[in-house]
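Asker: Have a look at this one before I ask anything.
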Amino acid sequence: MSDAQERSSAGVPAVALVPCPLWATLIATFFGIGRVRPGPGTWGSAAAMLLWAVLAHFLPASLRTPVVIAIAVLVTLIGIPAATQAARSSGSKDPQVVVIDEVAGQLIALIAVPLGWKTFLAGLILFRGFDIVKPPPVRQLERLPEGTGIVLDDIAAGIYAWLGMQLLLHFRLLT
């Protein structure tokens with residue numbers, strides 16, 4: 001039975017779902033990472049962190065901060081329409097397979113962070129913690145429509161994680 005038929009038989013008006021374009025599926029799921037279980041958001045964050053670690057390793061230190069900022073902005077700008085398409089095609093406000101928002105938030109948490117396993121682990125823990133707990137205004141941003149709400153709440157969680165990282169670094173707790 002299709003989703004539309006199930007909704008109709010449950011007394012909920014059937015909604016014609018539009019298939020998600022391939023580009024949007026690839027971006028929204030971060031090339032399929034969003035389909036990994038359990039915890040697709042954590043897998044998306046870990047994949048973003050590992051890819052950044054590899055890329056940053058090959059960049060001069062002076063370029064790492066501007067490059068990670070540029071990538072985070074690009075991921076956000078492409079992620080919002082991709083998440084919108086995925087949400088529309090699934091009929092869900094925030095489909096579990098969409099992890100491009102975690103990618104953007106995790107990259108923000110790693111801005112101006114030295115390369116090292118302690119800083120990367122702390123960034124992952126801080127970001128996932130803020131993403132799960134959703135302190136104000138993170139939860140409120142989630143209420144924005146479609147891909148905007150899906151992505152911007154993780155951007156805010158990433159900013160909180162970045163602030164936490166900068167405090168840990170300032171007080172030399174990760175050395």
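Asker: In this structure, is L163 within 24 Å of V73 (Cβ to Cβ) and either within 14 Å of the chain's Cα centre (by Cα) or surrounded by fewer than 21 Cβ atoms within 10 Å (Cβ to Cβ) (or both)? Break it down into steps so the answer makes sense when it comes.
Answerer: Numbers: within 24 Å of V73 (Cβ to Cβ): yes; either within 14 Å of the chain's Cα centre (by Cα) or surrounded by fewer than 21 Cβ atoms within 10 Å (Cβ to Cβ) (or both): yes.
For L163, the condition - within 24 Å of V73 (Cβ to Cβ) and either within 14 Å of the chain's Cα centre (by Cα) or surrounded by fewer than 21 Cβ atoms within 10 Å (Cβ to Cβ) (or both) - is met.
Asker: Same structure again: Any chance you could count how many residues in segment 116-141 are buried (at least 20 other Cβ atoms within 10 Å of the Cβ) and within 15 Å of the chain's Cα centre (by Cα)?
Answerer: Number of matching residues: 8.
Asker: Which ones in segment 106-115 are buried (at least 16 other Cβ atoms within 10 Å of the Cβ), without any contact (Cβ under 8 Å) to a residue 60 or more places away in the chain and assigned to a loop (DSSP other than H, G, I, E, B)? Before you say what the answer is, go through the steps one by one.
Answerer: Step one: of segment 106-115, the residues buried (at least 16 other Cβ atoms within 10 Å of the Cβ) are 106-111, 113.
Cutting the leftovers down to without any contact (Cβ under 8 Å) to a residue 60 or more places away in the chain gives us 107-109, 111, 113.
Once the filter is applied, which keeps residues that are buried (at least 16 other Cβ atoms within 10 Å of the Cβ), without any contact (Cβ under 8 Å) to a residue 60 or more places away in the chain and assigned to a loop (DSSP other than H, G, I, E, B), segment 106-115 yields I111, V113.
Asker: Can you name the residue in segment 153-175 that is assigned to a helix (DSSP H, G or I) and without any contact (Cβ under 8 Å) to a residue 12 or more places away in the chain and, of all such residues, is farthest from Q85 (Cα to Cα)? Step through it out loud before you land on a result.
Answerer: Start the filter on segment 153-175 by keeping residues that are assigned to a helix (DSSP H, G or I), which leaves 153-170.
Among the residues that remain, those that are also without any contact (Cβ under 8 Å) to a residue 12 or more places away in the chain are: 163, 167, 170.
Details: L163: 31, L167: 37, H170: 40 Å.
Across segment 153-175, the extreme among qualifying residues is H170.
We did not get these values from a lab; they are worked out from the coordinates using the rules stated. Keep in mind the model is a prediction, meaning the values are calculated, not measured. With ideal geometry, Cβ positions are generated from the backbone for all residues, glycine too; neighbour counts draw on all protein chains shown.
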